[in-house]
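Each value in this text was obtained by applying a stated rule to the coordinates, not by laboratory testing. This is a predicted model, so every value here is computed, not measured. Cβ atoms come from the backbone with ideal geometry, glycine included; neighbour counts cover every protein chain shown.
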Number of protein chains: 2
Amino acid sequence: MTAISSTGITLKSRPVGEPQASDFGTEVSEAGAPAAGQIQVKNSWMSVDPYMRGRMYDRESYVPPFQIGEVLTGGAVGRVTATNHPDYAVGDLVQSMAGWREAWTAPPEAVMAVKLPGNTGLPDSAFLGIAGMPGLTAYAGILRVAELKEGDTVFVSGAAGAVGSAVVQIAKIKGCTVIGSAGGAEKCAFVKELGADECIDYRAAGDYEGLLAALRAAAPKGIDVYFDNVGGDHFQAAIEVARPMARMAICGMISQYNDTEPRPGPNNVIQIVGKQLQIRGFIVSTHADMQPAFLADMSQWIASGKMKFEETVMEGVENAPAAFMGLFSGQNKGKMLVKL
Amino acid sequence: MTAISSTGITLKSRPVGEPQASDFGTEVSEAGAPAAGQIQVKNSWMSVDPYMRGRMYDRESYVPPFQIGEVLTGGAVGRVTATNHPDYAVGDLVQSMAGWREAWTAPPEAVMAVKLPGNTGLPDSAFLGIAGMPGLTAYAGILRVAELKEGDTVFVSGAAGAVGSAVVQIAKIKGCTVIGSAGGAEKCAFVKELGADECIDYRAAGDYEGLLAALRAAAPKGIDVYFDNVGGDHFQAAIEVARPMARMAICGMISQYNDTEPRPGPNNVIQIVGKQLQIRGFIVSTHADMQPAFLADMSQWIASGKMKFEETVMEGVENAPAAFMGLFSGQNKGKMLVKL
């Protein structure tokens with residue numbers, strides 16, 4: 001059992017607005033030989049996710065803020081390289097929150113590590129995407145939070161992203177009409193490939209009025225469900241075209257994560273009353289009880305070809321900040337990942 | 001059976017912004033002798049309600065718009081003065097949607113008339129307030145839409161109004177901490193008399209920052225439930241102090257009903273995600289199934305002195321527009337009514 005050198009990415013400064021390369025640093029440390037109860041893991045994949053932007057602010061939230069000068073954390077999968085823990089063997093596939101670094105040594109519970117099944121037929125990286133947190137987010141959000149019903153007309157913003165692309169497909173599997181939105185023709189083509197009935201290229205639409213017109217054209221009778229990954233104009237347009245009793249699952253508002261000033265909200269919230277809208281924010285961890293049903297359904301959907309997934313991969317831990325920053329300029333189709 | 005002369009109030013022009021006296025006209029007609037299946041009713045009370053402002057716009061909504069030149073409609077109670085209908089006798093107490101006029105002759109179903117029980121011990125006017133539509137609105141909104149639980153900290157805007165004053169008392173009956181808001185010291189004293197733990201005088205608070213500071217002081221640990229009658233700054237402040245998993249019942253937004261331009265929404269909707277807020281608009285008619293439980297509970301609460309109600313009364317149909325306009329300047333304590 002030998003120590004492994006591990007490069008990690010630190011938060012050098014809290015981003016103001018759009019995160020910059022200069023907000024990140026690197027730190028080389030050692031993942032030492034495991035003491036009793038510890039395992040040593042070499043990460044093979046790490047995840048960058050929009051929610052991490054929130055942790056870069058120094059404020060109370062549902063997860064504590066990242067600390068300046070410390071190595072960031074996030075989802076990762078890797079293989080056990082040394083073990084001093086009775087439940088883990090060398091070679092075991094492990095998922096943890098010890099991402100943003102190449103390797104680590106710790107008690108599994110200290111980094112929320114769990115052993116993954118080795119026989120799923122899924123690539124290891126899938127546990128950071130379609131079969132992991134983003135997949136469960138989509139599943140819980142559209143089925144439970146938005147109370148999806150067969151026949152619903154569903155609007156999904158960020159439809160080419162890790163969560164959105166899963167939402168599109170789940171809604172199609174459940175017999176719904178699905179309208180996605182994404183930035184650019186290539187992403188819209190991808191969203192259509194996933195089965196969406198329509199995809200709005202919000203960049204081509206130009207502004208709010210353009211987005212609204214495109215949404216009205218795609219959903220002339222209005223929408224029953226909105227799954228929000230984007231916020232801003234998308235949220236307002238969704239309220240505008242919502243049918244009475246429409247349900248909205250608010251998963252994220254990536255268009256607003258880098259705001260430096262409070263942004264005026266949708267100018268049509270008064271419609272919440274007359275249309276009897278239900279708007280619900282949610283965080284995936286609240287719906288951890290759905291994990292078994294999610295894995296059962298998702299495995300079957302993937303095996304039967306009903307659920308496709310795409311990954312956008314950058315290589316090397318030193319490119320993790322670029323991968324993260326790419327989320328905000330929409331550089332990813334499907335799940336954004338870093339291969340270590 | 002003789003005809004009765006009836007003065008009614010017409011909509012002369014659609015108000016732009018705050019309604020003006022010049023937007024209303026009068027029309028004298030006759031409530032004739034009832035034909036087969038008809039009843040003739042002399043209204044003794046009529047209701048003015050904030051929702052009526054919405055019907056003065058020429059737009060699709062959950063109720064059709066009022067038509068220019070026609071007599072307005074709304075809740076009223078009165079006594080049968082002549083009958084040609086087997087289920088109605090002279091002297092029966094009748095509630096209908098044939099308000100804004102002194103008398104009417106029609107088939108009961110054409111004006112949504114129902115016979116009221118004569119033995120409730122309640123004044124007739126109560127069926128337009130605490131024991132009528134506003135009371136059911138409060139009951140359904142706080143219990144079902146907001147999913148009130150014992151021990152919740154509840155914030156109620158418009159707490160001195162017909163709906164808000166009932167919400168305050170229901171929440172106290174259910175074992176909650178209740179913070180109201182109302183305009184002016186006198187109304188706040190009334191809200192405290194109803195049992196509210198705190199009442200914020202939003203006029204004294206001055207602006208949004210003042211309102212927020214007062215709300216933070218009244219609910220230092222945040223709120224679990226918000227019942228919105230007001231919208232605007234109140235809605236934004238409620239989101240700001242909401243605890244995780246807080247529920248909001250959006251009943252009305254009276255501060256926005258006279259807007260002539262779309263108004264920017266709350267600048268903190270991003271908190272819907274992290275706090276997992278549930279925001280639900282509702283209309284009382286959707287919850288008509290709660291009517292029996294509502295009447296049973298409300299009768300008992302009133303009889304036992306747990307539920308108080310106040311009325312602000314103007315006299316004469318010609319003062320109905322003034323009563324209606326008074327809703328927007330907050331001239332009412334409890335239910336605003338017109339005695340005919």
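Name the most mobile residue of A:GLU60, A:GLU240, A:GLU102, meaning the one with the largest mean-square fluctuation, in a Gaussian network model of chain A with Cα contacts below 10 Å.
A:GLU60
With 18 Å as the limit, write out which pairs from A:LYS149/B:LYS275; B:LYS172/B:LYS335; B:LYS172/B:LYS308; B:LYS149/B:LYS172 have Cα-Cα distances beyond it, or answer none.
A:LYS149/B:LYS275; B:LYS172/B:LYS335
Output the antiparallel fraction of DSSP beta bridges having both residues in chain B, as a percent to the nearest 5.
55
Considering Cα pairs under 8 angstrom that are at least six residues apart, work out the relative contact order of chain B and quote it in whole percent. Walk me through the numbers on the way to the answer.
Details: 763 pairs, mean separation 59.0, N = 340.
Dividing the mean separation by the residue count of chain B yields 17 percent.
What is the distance in Å between the Cα centres of the stretch A:1-58 and the stretch A:281-340?
Taking the Cα centre of each part, the stretch A:1-58 and the stretch A:281-340 sit 18 Å apart.
With +1 on each Lys and Arg Cβ and -1 on each Asp and Glu Cβ, how big is the dipole of the stretch B:133-285 about its Cα centre, in debye rounded to the nearest 20?
Details: 14 positive and 16 negative charges, 92 e Å.
I would put it at about 440 debye.
Can you work out ³J(HN,Hα) from phi for every residue in the stretch A:221-226, in order, using Karplus 6.51 cos²θ - 1.76 cosθ + 1.60 and θ = phi - 60°, giving whole Hz and x for Gly and Pro?
Result, rounded to whole Hz: 9, x, 10, 9, 9, 10.
Could you run the Karplus curve 6.51 cos²θ - 1.76 cosθ + 1.60 with θ = phi - 60° over the stretch B:187-194 and give me ³J(HN,Hα) per residue in whole Hz, x for Gly and Pro?
Computed from phi, the couplings for the stretch B:187-194 are 5, 5, 4, 4, 5, 5, 4, 6 Hz.
Where is the GNM fluctuation largest for chain A (alpha-carbon springs, 10 angstrom cutoff): A:VAL16, A:VAL163, A:VAL71?
Top of the fluctuation ranking is A:VAL16.
Charges on Cβ only, +1 for Lys and Arg, -1 for Asp and Glu, centred on the Cα centroid of chain B; of B:PRO321, B:ILE272, B:LEU211, which one is farthest towards the dipole's positive end?
With unit charges placed on the Cβ atoms, the residue in question is B:ILE272.
Within the set of other residues whose C-beta is less than 14 Å from the C-beta of B:PRO19, count the net charge using Lys and Arg as +1 and Asp and Glu as -1.
Cβ neighbours under 14 Å give a net charge of 0.
If we sort A:207-215, A:164-172, B:28-36 on the protection proxy, mean other Cβ atoms within 10 Å, highest first, what's the order?
Working: A:207-215: 17.6, A:164-172: 28.3, B:28-36: 15.2.
Packing proxy ranking, top to bottom: A:164-172, A:207-215, B:28-36.
In deg cm²/dmol, rounded to 500, what helix-only [θ] at 222 nm does the protein assembly as shown give when every DSSP H run of at least 4 residues adds -39500 (n - 2.57) and the total is split over its residues?
It comes out at -6500 deg cm²/dmol, rounded to the nearest 500.
Within a Cβ distance under 12 Å of B:GLY78, other residues only, what is the Lys/Arg minus Asp/Glu net charge?
Taking every Cβ under 12 Å from that of B:GLY78, the sum is +2.
Please list, ordered by chain and number, the residues whose modelled amide H lies under 5 Å from the amide H of B:ALA242; skip anything fewer than 5 residues away on the same chain.
B:ILE223
Which distances, shortest first and in nm, link A:MET97 to the matching position in the other copies, using label points set 7 Å out along Cα to C-beta?
5.4
Which residue, B:PRO117, B:PRO19, B:PRO264, has the most motion in a Gaussian network model of chain B that connects Cα atoms within less than 10 Å?
B:PRO264
How large is ³J(HN,Hα), in whole Hz, for each residue of the stretch A:156-163 in order, when computed from phi with the Karplus curve 6.51 cos²θ - 1.76 cosθ + 1.60 and θ = phi - 60°, using x for Gly and Pro?
Calculated HN-Hα couplings, in order: 10, 8, x, 6, 8, x, 4, 6 Hz.
What are the distances, in nm and sorted shortest first, from the label point of A:PRO117 to the label points of the same position in each other copy, with each label point placed 7 Å from Cα along the Cα-to-Cβ direction?
From this label point to the equivalent ones elsewhere in the assembly: 5.9 nm.
How large is the dipole of chain A about the Cα centre if only Lys and Arg carry +1 and Asp and Glu carry -1, each at its Cβ, rounded to the nearest 20 debye?
580
What relative contact order, as a whole-number percentage, does the stretch A:133-285 give when Cα pairs under 8 Å and 6 or more residues apart are counted?
23
Evaluate peptide A:281-289: per residue, the Cβ atoms of other protein chains within 10 Å of its Cβ; return the mean as an integer.
Per residue, the number of nearby Cβ atoms from other chains is 3 on average.
Which are the unpartnered cysteines of chain A, meaning those with no other cysteine Cβ under 4.7 Å from their Cβ?
Flagged as lacking a Cys partner: A:CYS176, A:CYS251.
Rounded to the nearest 5, what % of DSSP beta bridges with both residues in the protein assembly as shown are antiparallel? Walk me through the intermediate numbers first.
Values: 64 of 118 bridges.
Counting DSSP beta bridges with both partners in the protein assembly as shown, the antiparallel share is about 55 percent.
So, R0 is 41 Å and r is the distance between the beta-carbons of B:ALA185 and A:ASP58; what FRET efficiency does that work out to, to 0.05?
Between B:ALA185 and A:ASP58 the formula returns 0.55.
Working from Cα positions, state the angle (0 to 90°, nearest 10) between the long axis of helix B:208-218 and the longest principal axis of chain B.
80
Calculate, for B:ALA288 and A:ASN258, the FRET efficiency according to 1/(1 + (r/R0)^6) with r their C-beta to C-beta distance and R0 35 Å; round to the nearest 0.05.
It comes out at approximately 0.15.
Within straight cross-link reach of A:LYS115, meaning Cα distance under 19 Å, which aspartates and glutamates are found once same-chain residues fewer than 8 apart are removed?
Partners found: A:ASP87, A:ASP92, A:GLU102, A:ASP124, A:ASP289.
From the label point of A:ARG144, set 7 Å along Cα to the beta carbon, how far off in nm is each other copy's matching point, shortest first?
2.4
Quick one: dipole size for the stretch A:104-204, taken about the Cα centre, charges +1 on Lys/Arg Cβ and -1 on Asp/Glu Cβ, in debye to the nearest 20.
100
What's the average, rounded to a whole number, of partner chain beta-carbon atoms within 10 Å of each residue's beta-carbon in B:236-249?
1
By how many degrees, between 0 and 90 and to the nearest 10, does the Cα long axis of helix B:291-303 differ from the longest principal axis of chain B?
The helix B:291-303 is inclined about 80 degrees to chain B.
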